[in-house]
Amino acid sequence: MLFTGRYMKKKIFVLIFSLISSFCFCQKKLISFSAGVISGVPVYSSETLKEINSTLTGGVRIICGTDVYINLNPNEFTTFFAGLDLLSDFNNLTPYYSNHLSLDFPFGIKIYPKLAGLCFGLGYNLGFRTDYYNTEECGKYTEQAAWGNGFKFLVEYDFSHSGKRFLPAIGLYWKYMPRGNNTYDNQICAYINTNI
């Protein structure tokens, strides 16, 4: 019993020492912030939404958004992130339109496998989508999809990984988000962020 107690104390000491070392010797700031712009392709499974979009003719489709993150960098190999993604999908710029606003709150981890600033990430998402319509049949109305939880996979190259601030990070992500009523969104997006 005495041996077990000493052994546990040693394990706890080693764990605490490892954590302190990783915080003290990390190349990046312990806490950093990033913000940027997003664009990509959202793919909707909702039959109603797809049907309305197919009835619109003419106009232009614009997909753009923004993201803001806070990052915890305990060492040079790991970053924990939390923030928000806002993606706007303007499907028509004529009197009739079908516009969609996705707001998601991802948090997760990025792993840097010693390939300079290249990292791979996995995140958990919580969010919703709001749809704004103006159709010839129904006029103007708004619908909100149910809150859902999904996941996000990303590949990123972070030029500020060496510790220099204000350098960009560029990346791609795939996000899967259930939206209630057995519907879901897939978002395949590219982004560029500035790191502070």
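The values are calculated or read from the model by the stated rules, or taken from the named source; none is laboratory data. No experiment lies behind these values; they were computed from the predicted model shown. Virtual Cβ from ideal backbone geometry, glycine too; neighbours counted across all protein chains shown. Accessible surface areas use protein heavy atoms only, side chains included; no ligands, DNA or RNA. Shrake-Rupley method; radii C 1.70, N 1.55, O 1.52, S 1.80 Å.
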Q) Which angle between 0 and 90 degrees, to the nearest 10, do you get for helix 2-24 versus the longest principal axis of the chain when only C-alpha atoms count? A) 60
Q. Convex hull over the alpha-carbon atoms of the stretch 119-196: what's its volume per residue in Å³?
A. 123
**Q.** Dipole of the stretch 32-100, positive end: most advanced residue of VAL60, PRO42, THR78 [Cβ charges, Cα centre]
**A.** VAL60
Q: Answer with a single label: of (1) 19.5; (2) 20.7; (3) 18.9, which was calculated as Kirkwood radius over Cα pairs in Å from the structure in view?
A: (3)
Q | Of all accessible heavy-atom area on the chain, the percent that carbon and sulfur account for (1.4 Å) | A | 69
Q. Short version: what are the Cα gyration tensor semi-axes of the stretch 60-99, square root of 5 times each eigenvalue, largest first, in whole Å?
A. 37, 8, 5
**Q.** Solvent-accessible heavy-atom area per residue, rounded to whole Å², over the chain at 1.4 Å
**A.** 58
Q. Given +1 on the Cβ of Lys and Arg, -1 on the Cβ of Asp and Glu, and no further charges, what dipole in debye does the chain carry about its Cα centre, rounded to the nearest 20?
A. 1440
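For the chain, what relative contact order do you get, as a whole percent, if you take Cα pairs closer than 8 Å and at least 6 residues apart?
Here the relative contact order equals 20 percent.
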**Q.** Charge dipole (the stretch 97-196, unit charges on Cβ, about Cα centre) - positive-most of GLY148, HIS100, GLY171
**A.** GLY171
